[in-house]
Amino acid sequence: MSTLHLSAAEARDLVRSPDLHRLVGPAFSVPAVMVHLDGSDLSGVATALATLPVVSVAVFDGHQCGSEALAAAEHRVPWDLIASDPDPLANALERNPIAATTAALVLRGPAHGRLTSALQSESFAYSMLQTGPEHQRWLDARGRHTRDDSDQDRVEVRDLGDHLEIAMTRSRLFNLIDSKMRDQLADAFRTVAHDTRPIRFVGRGRAFCAGGDPAEFGTADSPANAALVRIGLGVAPWIAAVADRVTAVIDGACVGAGVELAAFAGRVLASPTASFKLPELTMGLIPGAGGTHSIPARIGSRCTLGWLLRNTEVDAHTALRWGLVDEVTKNPQ
């Protein structure tokens, strides 16, 4: 796999080709086209690339005079990403091109206006990737995980008088979400749907949530059936239904599915030591708990895709600047 780096003139020549659809995309070993901006109108290039399964990146020179204005102008153009340092993005795109391209395609959805449609698209894409070579490579490298807490509850609902609390209680395992926790979280938010009091969504122990439980990855008999199970039994719709009353309180690590579910809350508070990460692309996957809807709704599709590609850990104050959280406070509990 190799990313194309093109000047503005070269990019215009590329999209004029009648064989464009056979020149770019993971199927043709070109997962991304990176076009270096020069101040000219490249909206036609971006629009042409947006019809294809290829990640389009507008690259601006961070040292160039007027580069901020140039980048701002390009925000109105349908690029998947805009970047001044494309190398980390290219590395990630070439490492997991199928997952990266799929993420870009899902994030191009029509403003994510309808939650149901967004969750369905995400789930089908996620299940398709579960059968792919990139996820299989991750499964082969990770080793085997087993759990000994199958008889223990994962979620507690407390009536605290003036408000309710829904807590993930699998603290020994950093509140990893398995199918049992998923079901209990959905039941908890469904149960409080007809109450009018505020709801605090928390994680017990040293982490809010360390993401999906690795012990369950690769265990689905049928990824196609798993997609329908995720759509029917997912937590996201139930949090979204009461989002105006939900405050997610993040202390410690918030990873993968933890970020995705917290982002549905109407308000997100974080401690100064909270940290956030989206490692799905490194697993050959995309977010699968509603994150392709909830996270872009807070920080935008481009920021979401860039974060997935870079796989960086984000601190609380960066998350605040992005809009992923609404407040950083020393005593979020």
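Worth a mention:
- Residue-wise HN-Hα couplings along the stretch 280-291, as the Karplus relation 6.51 cos²θ - 1.76 cosθ + 1.60 with θ = phi - 60° gives them from phi, are 4, 4, 5, 9, x, 10, 10, x, x, 10, x, x Hz; Gly and Pro carry x.
- Cut-off 14 Å between beta-carbons: net charge of the residues surrounding GLU10, Lys and Arg +1, Asp and Glu -1: 0
- Antiparallel DSSP beta bridges within the chain, percent to nearest 5: 20
- The calculated Kirkwood hydrodynamic radius for the stretch 4-95 is 13.2 Å, given to one decimal from all distinct C-alpha pairs.
- In the chain, the longest principal axis of the Cα atoms and the axis of helix 179-191 are about 70 degrees apart.
- For the chain, the longest principal axis of the alpha carbon atoms and the long axis of helix 115-130 meet at an angle near 80°.
- Note on the stretch 204-333: Rg/Rh from Cα positions, Kirkwood definition for Rh, rounded to two decimals, is 0.96.
- Net charge, GLU156 excluded, C-beta distance under 15 Å - Lys, Arg +1, Asp, Glu -1: +1
- Unit charges on C-beta of K, R, D, E only; dipole of the stretch 4-95, Debye: 320
- Placed amide H near ILE250: partners under 5 Å, 5+ positions off or other chain: LEU269, ALA270, SER271
- Dipole of the chain, positive direction: furthest Cα of ALA262, ALA46, ALA104, with charges on the beta-carbon: ALA262
- If you take all other residues with their beta carbon under 13 Å from the beta carbon of VAL45, and give Lys and Arg +1 and Asp and Glu -1, the sum is -4.
- Table column - 3J(HN,Hα) (Hz), the stretch 247-252, Karplus curve with 6.51, -1.76, 1.60, x for Gly and Pro: 10, 8, 10, 9, 9, x
- Applied to the stretch 262-279, the Karplus parametrisation 6.51 cos²θ - 1.76 cosθ + 1.60 on θ = phi - 60° returns per-residue 3J(HN,Hα) values of 4, 5, 6, 5, x, 9, 10, 10, 9, 6, x, 9, 5, 9, 9, 7, 10, x Hz, with x for Gly and Pro.
- Amide H contacts of VAL325 (H built 1.01 Å from N, under 5 Å, at least 5 apart or other chain): LEU320
Bear in mind that the values in this text are calculations on the coordinates, not laboratory data. None of the values given here were measured: they were computed from a predicted structure. Please note: Cβ atoms are built from the backbone with ideal geometry, for glycine as well, and neighbour counts cover all protein chains shown.
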